[in-house]
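Report on one structure; see the data block that follows.
The numbers here are math on the coordinates, done by the rules we state, and not lab data. Since the structure is predicted, the reported quantities are computational estimates derived from the model, not experimental observations. Cβ placement follows ideal geometry from the backbone for every residue including glycine, while neighbour counts extend to all protein chains displayed.
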Amino acid sequence: MLAGAGCAHAPRVAAPGDGFVFSYFTGGRGEAAGLRLATSPDGLTWRPVRDGAVLLVPEVGESKLMRDPFLLRGPDAGDPWHLLWTTAWEGVTLGHATSHDLLTWSPQAAIPVMAGVPGMRNVWAPEMIWDAVGQQFVLFWSSTVTGRFPETAGTSEDAYNHRLYYATTRDFRQMSAPQVLLDPGFSVIDGTFVEHPTLGLHLIVKDETLVPEKKHLRIARAQSPTGPFGELSPPFSPGWVEGPTTVQVGEWTYVIYDRYREGSWGAARSRDLVQWEDAGAAITMPPGARHGTIVPAPAALIAGLG
């Protein structure tokens, strides 16, 4: 595989003098409250913006929730930041809005990415990546479609049987038909890409299998944002974690994840994306934070957040 083939999504490395932003939600009733942000100079120790105030209240989608908020800035100078989120536990839409300063937001849209798919149940944890070869955004998420993949029916809670799906767009008005992005032969959720500075593009997923119990994170090489993908690695996290997000700190790739049963966070780090070590002691996350995304951000934008 050629490193970085087909993708111009920069590694999550801050330029000198810049820092990082973390988009997140809080659990319980907080999943309907809205977007919260935190900032960090190093990607590991976080300070909530405006004491954890909600910066965008969800107004769209089947349940008007905002879970799993994902941030990505467009590829060109002056492009806005795009925010995607889970709008409901069950439904066909994902949420979308844009901003130049992460404070003032465009009107929200509920994009029906899985509308018209028979047996469709849910759209969870949407993310996206810029495909430089195709000059388009690749949006991807986890869905259960009842009747598909019967060989793994009954292996997850509540008859869920997830695979990763994707659609492409250039303008967020016209979307391609959804297709399967990854079917590894078992239920998977919470996909996220990491582009290593020298090792290229990789996809991290959560093995959502309950019977037999898995619930851990695995990683595979990616030839492009739409595959093909290499074999998934052995698990590199404990079980019962979700919502991985990544940050590059020097030679180390950190994968930070939500230990949702304990109400805490954990992390693993690697130099080569093969050998991993626990790094939970290195991180300090915002109080009450759940599944979110870390992105590098200019110092001026961070200063404007207050």
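To the nearest 0.05, what FRET efficiency results for S233 and E59 with a Förster distance of 35 Å applied to their C-beta separation?
0.30
In µm²/s, what is D for the range 21-127 at 20 °C and 1.002 mPa s, where D = kT/(6 pi eta Rh) by Stokes-Einstein and Rh is the Kirkwood radius from Cα pairs?
It comes out at roughly 150 µm²/s.
What aspartates and glutamates does K206 reach when the alpha-carbon gap must be under 16 Å and sequence neighbours fewer than 8 apart in one chain are set aside?
Cα-Cα hits under 16 Å: D68, E127, E157, D183, D190, E231, E242, D258.
Cut-off is 10 Å between beta-carbons; in what order do V188, V13 appear when sorted fewest neighbours first?
With the fewest neighbours first, V188, V13 line up as V13, V188.
Any idea how far apart W89 and D42 come out in nm if each label point goes 7 Å out from Cα toward Cβ?
A separation of 3.9 nm, rounded to one decimal place.
Could you check the spin-label model distance between E213 and R261? Points 7 Å from the Cα along Cα→Cβ, value in nm.
0.5
Ranked by Cβ crowding within 10 angstrom, fewest neighbours first, how are F229, F25 ordered?
F229, F25
Within 10 Å of each residue's Cβ, count the other Cβ atoms and sort R259, R67 from fewest upward.
R259, R67
Taking the Cβ of A132 as the centre, find all other residues whose Cβ is under 14 Å away and add up their charges (Lys, Arg: +1; Asp, Glu: -1).
Taking every Cβ under 14 Å from that of A132, the sum is -3.
How much net charge surrounds E31 when only the other residues with a Cβ under 12 Å from the Cβ of E31 are counted, with Lys and Arg +1 and Asp and Glu -1?
Once positives and negatives cancel, what remains is +4.
How big is the equivalent ellipsoid of the range 19-305 along its three axes, where each semi-axis is √(5λ) from the Cα gyration tensor, reported in whole Å from largest to smallest?
Those come to 25, 23, 19 Å.
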